[in-house]
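The values are calculated or read from the model by the stated rules, or taken from the named source; none is laboratory data. Please read all numbers here as calculations on a predicted model, not as lab measurements. Glycine also receives a Cβ, built like all others from the backbone with ideal geometry; neighbour counts cover every protein chain displayed. Areas reflect the complete protein model, heavy atoms only, side chains present, ligands, DNA and RNA absent. Shrake-Rupley method; radii C 1.70, N 1.55, O 1.52, S 1.80 Å.
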Amino acid sequence: MSILTHRPRRMRKHENIRKLVRENILTTSDLIYPIFIVNGKKQRQNIDSMPSIYRISIDELMLEVEELTKLGILAIALFPSVEENKKSLDAKESFNDNGLLQQAVRELKKNHPQISVITDIALDPFTTHGQDGLIDNNGYVLNDKTVQVLVKQALSHAKAGADIIAPSDMMDGRIGIIRQALEENNFIHTNILAYSAKYASNYYGPFRDAIGSAKNLGKDSKQTYQIDPANSNESLREVELDINQGADIVMIKPGTPYLDIIYRVKQTFGLPTFAYHVSGEYAMLKAAAQNNWINEEEVVLENLMSFKRAGADAILSYYSKQAALWLKNKNNT
Ligand code: PBG
């Protein structure tokens, strides 16, 4: 006769009990959808390395957002893909009040004020070399000169009506300087989502195809400003600096390979913490799914749940729209 006092399986014997003791849930309000935008009308361009993700024009964006709202998505993150002739060494298109991104934000605020708009603060879509900042003669990304441009970009996004601006550039000191500029210009309600722990990752490849910076960047890396994937304590220091400089939310990026960082950041600071399930992660799942090597729905929802378990409050994912649909159908059954 066995006299086991602890039989953890008792808590797993029935779906009702499993649900009663479930520690985390994934809901559509946890999901943020990144969207690539391009100039023009009725544009819906494929991105080879990201099946089912498109670069869309502003008119299409309006239709897309209608659909997303019906699915319960609360926020989107916009990334512009601009023509080569708009790129320059000084990246001045980044703060053009009539630029593609700024126009898109204004249209969204006019037609779809219900959706929160997150905009990316970084220069890579606008530089001829694909780096996130201005470079010197040796190709080194200049910190303080770059921050001056990022401030102009941030103000231009805030003026267009962005709800949350998200510096993803990893320059030192930019959160404080941007926060100060927002205050001085009376944008006191604009949230800052700081990409505080952004790694020099190889998982960004498909994104760079999407915004057209891959060929410009060539073999150059972003290792002089993004964090070394071998480091973890360094991320905590970065997060602390950004919190002290006025960040409202911090971001860890990429996601799945950095769940330990999400966990440590959330445990240490308890601040709203977002994570980015990046393009390379999406591409890997999509490729396996297209080969019928995995059950796409179950694997993706499990993957997204792992972010919640690690401590993320919200997740930027190219799967957000699809996951919202899956969650909706699941809840209806
Ligand atoms: C650059 C930026 C990148 C991503 C978001 N903003 C790529 C990079 O640092 O080269 C990557 C997102 C993804 O891979 O999905 N400012």
| request: Measure nothing fancy, just the Cα-based angle from helix 58-71's long axis to the longest principal axis of the chain, in degrees from 0 to 90, nearest 10. | output: 20
| field | the range 214-241 versus the range 33-95: alpha-carbon centroid distance in Å | value | 25
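List the chymotrypsin sites (Phe, Trp or Tyr not before Pro) within the range 81-174 that DSSP assigns to loop and that have no more than 10 neighbouring Cβ atoms inside 10 Å. Before the final figure, lay out each step's value.
Details: sites: Phe95, Phe126, Tyr140; in loops: Phe126, Tyr140.
In loop regions of the range 81-174 (DSSP not H, G, I, E or B), there are no sparsely surrounded chymotrypsin sites (Phe, Trp or Tyr not before Pro).
Using only alpha carbon positions, build the gyration tensor of the range 166-277, then give the equivalent ellipsoid semi-axes as the square roots of 5 times its eigenvalues, largest first, whole angstrom.
On the way: eigenvalues 110, 69, 29 Å².
Sorted largest first and rounded, they come to 23, 19, 12 Å.
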| field | Karplus-derived HN-Hα couplings along the range 212-220 (A = 6.51, B = -1.76, C = 1.60, θ = phi - 60°), whole Hz, x at Gly and Pro | value | x, 9, 4, 5, 6, 6, x, 8, 5
| query | When the solvent-accessible surface of protein heavy atoms is calculated with a 1.4 angstrom probe, in what order do Glu23, Glu66 fall, highest first? | reply | Glu23, Glu66
| P(r) tail for the range 53-156, what percent of Cα pairs lie past 24 Å? | 29
| Among Ala200, Asn292, Ala75, whose Cα sits farthest toward the positive end of the charge dipole of the chain (+1 at Cβ of Lys/Arg, -1 at Cβ of Asp/Glu, about the Cα centre)? | Asn292
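For the chain, state the semi-axes of the equivalent ellipsoid (square roots of 5 times the eigenvalues of the alpha-carbon gyration tensor), sorted largest first and rounded to whole angstrom. Don't skip to the end; give the middle numbers.
Values: eigenvalues 233, 108, 78 Å².
Each semi-axis is √(5λ); the values are 34, 23, 20 Å.
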| On Cα atoms only, tilt of 233-244 relative to the major axis of the chain in degrees | 60
| What's the angle, to the nearest 10 degrees (0 to 90), between helix 296-310's Cα axis and the longest principal axis of the chain? | 80
| What figure in square angstrom, to the nearest 10, would you give for the accessible area of Lys110 with a 1.4 Å probe? | 140
| task | Tell me the chymotrypsin sites (Phe, Trp or Tyr not before Pro) within the range 263-333 that lie in a loop according to DSSP and have at most 11 other beta-carbon atoms within 10 Å. | result | Trp293
| request: Return the whole-Å distance between the Cα centroid of the range 153-180 and the Cα centroid of the range 266-287. | output: 21
